[in-house]
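This report refers to the structure that appears directly beneath it.
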Amino acid sequence: MPDSEREPGAETLDNPRPLDNQDVARVFADIATLLQLKGESIFKIRAYTRAAEVFDHLPEPIALIAGDEDALKEIPGIGDAIASKTHELVATGKMEFFEKLRGEFAPGLLDIMTVPEVGPKTAMRAAEELGIGSLDDLEAALRDGSFARLPRVGEKKARNILRHLEARLSQADRMPIGKALPIAEHAIGELYKAAPGVRRLTVAGSLRRWRESAGDIDLLGVADDPEAVTAAFAGLPMVVDVLGQGATKASVVVSGGAQIDLRVSNERHFGALLLYFTGSKQHGIRLRERAQRMGLSLNEYGLTDRENGELTPYDTEAAVYEALGLPYIPPEIREDLGEIAVAEAGALPDLVELSDIRGDLHVHSDWSDGHVSVEQMAREAASRGLDYLAMTDHSSGRGIANGLSVERLVAHNREVEEADARVGGVRVFKGSEVDIRADGTLDYPDDVLADLDVVIASVHSGMSQQAEVMTARIIKAIDNPHVTAIGHLTTRFILERPPIEADFDAIFRAAAGNGTLMEINASPKRLDLKDSHVRRARELNVRFLINTDAHEPDNFDLLRYGVGNARRGWAEKRDVLNTLPVAEIERFLATPKPQRAAFHFERADSR
Ligand code: DGT
Ligand code: ZN
Ligand code: CA
Ligand code: CA
């Protein structure tokens, strides 16, 4: 699957997103399922299953070709009937055939079947015998035991299903950080305009910790007249509902559905306030326990001496930590994952920073599914102060992509060399984002890969392989001498598509063993590796690239999400190869692969 079905940030709050390749694939898969339940012929079912697979793997956005039925029919596996249904679906958002078919079954049947381990037969029985027509019904039947009593279900399976469902429901009203943070920043800008007396407006909560998703948006600020600020906040044009409004706090819902909580304090208490509302809750609890042991009590106003009841306010977080005998702990690692003990031991990691990143080794152009030319991307990178980038357009394994055939790759390489010569201030490397096929072979032969400076190998298809198969597939790519890094390892989309199943420790060990890098893909719909994988990989001596996977110039701005995510995984500057100056990167790329594992670089490099 390509990176491009939906550009990061392309959705707006007001426009529902257009159907992407996976949406279309899902409709055809649903049709196949329903036809199977109806007992239709295997040939008919297979045509729809095939269509679902084709669209799932299509490396370009379906929206770009669905307008043209003839172009659709040229895709192998897509016949007349499916082409016209696809056209209808993408153009109108609906497909009559599917709507009619769906109407023949109990409502909610397909929803229920989206829960792992609920197969079609069980779902049908649940609908017919228990009247289950929604996920809510399903939850109730799982809790009261009636679901477990259905034929071929049983206690154990019902428990598993409930676990899957709970995981689903607990994510249901969260937003990916890529949606939440821009809303928070917009609100801050608007509030500065609407409430001239407000200062130090800051994002707090999970967003300040750069968690990949947020339940709500927490904002803090300072003012001499807090009530004027909460009133101005409740009156912002973006606000659609005021949930509560008081002298120092307000909660609102903004257009698009996000909730924002604002708290305003005076300057003297702001450090304690920020510490409290940044969380995490668990980190706060540990700090309060520590305060207790010191005869103090910690709250959002400061530290109170429990003997004499005297409150000391703090205007910075660092001052609170200091009073607790600790160095400043960065928000990204305040998750009660051992950070307080590590801080106490003076062993906090020196986390990588946005300004440490000097280049980007995963960038697309209009040669594949990017939006502008190689040269424009290079100029854009240069103007943003990057010292180098690698142009890594897609390979074309399945022949239906706008990915590059070997012939086009050769021409692409020439254009990259020309851009490198023409655009000053930035080194442009020749690269490819090459597909790791289902069997672990790559789309290009080794002699073609050998001509490239940077090879990002990624899984874009066959994502539901069994763990052992997937692990072997990825390790085979890692073992290829020309592969620089594995791109977006798990292929997940935050809150949308689950990660692959694999033995990640085995993958990280293989990568560390021969110096293959692991990408931390900064696209906020991916953040892949995710934070916990970064931390584990780092323990196993893996080194990283933080890449934007940019498909257009604005995407270079997404780097900050990747850095936030890397910091949540405790990554330091020395763990991240693209913090190196260009000469060092060239030295790394010139080092043959098994020796890359031992590649040593100076830490004390300055810009
Ligand atoms: P979220 O919104 O689910 O993404 O996660 P947070 O961490 O932003 O949580 P939220 O919005 O409920 O609260 C913001 C911060 O306020 C939280 O990180 C820590 C603090 N906080 C909220 N409720 C409690 C609580 O009951 N106890 C403690 N110690 N702190 C709390
Ligand atoms: Zn990709
Ligand atoms: Ca929050
Ligand atoms: Ca909150």
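The values are calculated or read from the model by the stated rules, or taken from the named source; none is laboratory data. Computed from a prediction, not measured in an experiment: that's the story for all the values here. Note: ideal-geometry Cβ built from the backbone for every residue, glycine included; neighbour counts use all protein chains shown. These accessible areas exclude ligands, DNA and RNA; they are computed on the full protein's heavy atoms, side chains included. Shrake-Rupley method; radii C 1.70, N 1.55, O 1.52, S 1.80 Å.
Hey, what's segment 276-344 come to in accessible area per residue, 1.4 Å probe, Å²?
For segment 276-344, the per-residue accessible area is 50 Å².
Dipole of segment 354-598 (Lys/Arg Cβ +1, Asp/Glu Cβ -1, origin at the Cα centre): which of Thr392, Asn413, Thr491 lies farthest to the positive side?
Thr491
Pulled fully out, how much extra length does the chain show between Glu185 and Thr591, if you take 0.36 nm times their separation in residues and subtract their Cα-Cα distance?
That works out to 141.9 nm of additional length.
Can you give me the accessible area per residue for segment 175-265, using a 1.4 Å probe, in Å²?
38
If amide hydrogens are placed 1.01 Å from N in the peptide plane, which non-local residues have theirs closer than 5 Å to the one on Ser265?
Amide H neighbours of Ser265: Gly221, Val222, Ala223.
Given a 1.4 Å probe and every protein chain left where it sits, what share in percent of the accessible area of the chain is carbon and sulfur?
49
Under the rule of at least 5 residues apart or a separate chain, name every residue whose amide H is placed under 5 Å from the amide H of Asp360.
Amide H neighbours of Asp360: Tyr388, Leu389, Ala390.
What spacing in nm lies between the two simple spin-label points modelled at Arg290 and Arg536, each 7 Å away from Cα in the Cβ direction?
It is 2.7 nm.
Which one of Gly302, Ile456, Pro182 has its Cα pushed farthest toward the positive end of the charge dipole of the chain, where Lys and Arg give +1 and Asp and Glu give -1 at the Cβ?
Result: Gly302.
What whole-number distance in Å separates the alpha-carbon centres of segment 45-62 and segment 509-587?
For segment 45-62 versus segment 509-587, the Cα centre distance is 31 Å.
So, R0 is 51 Å and r is the distance between the beta-carbons of Thr312 and Val242; what FRET efficiency does that work out to, to 0.05?
0.90
I need the calculated FRET efficiency for the pair Lys94 and His164, taking r as the beta carbon distance and R₀ as 25 Å, to the nearest 0.05.
Taking R0 as 25 Å, the efficiency between Lys94 and His164 is 0.30.
At 7 Å along Cα-to-Cβ for each site, give me the label-to-label distance between Arg149 and Gln36 in nm.
With each label point 7 Å from Cα toward Cβ, the separation is 2.9 nm.
Which value does Rg/Rh take for the chain over its C-alpha atoms, Rh per Kirkwood?
Looking at the chain, the ratio lands at 0.99.
Spin-label point model (7 Å from Cα, Cβ direction): what's the Ala411 to Val253 distance in nm?
Result: 5.3 nm between the two label points.
Which three numbers, in whole Å and largest first, are the semi-axes of the equivalent ellipsoid of segment 409-473 derived from its Cα gyration tensor as √(5λ)?
Equivalent ellipsoid semi-axes, largest first: 31, 12, 8 Å.
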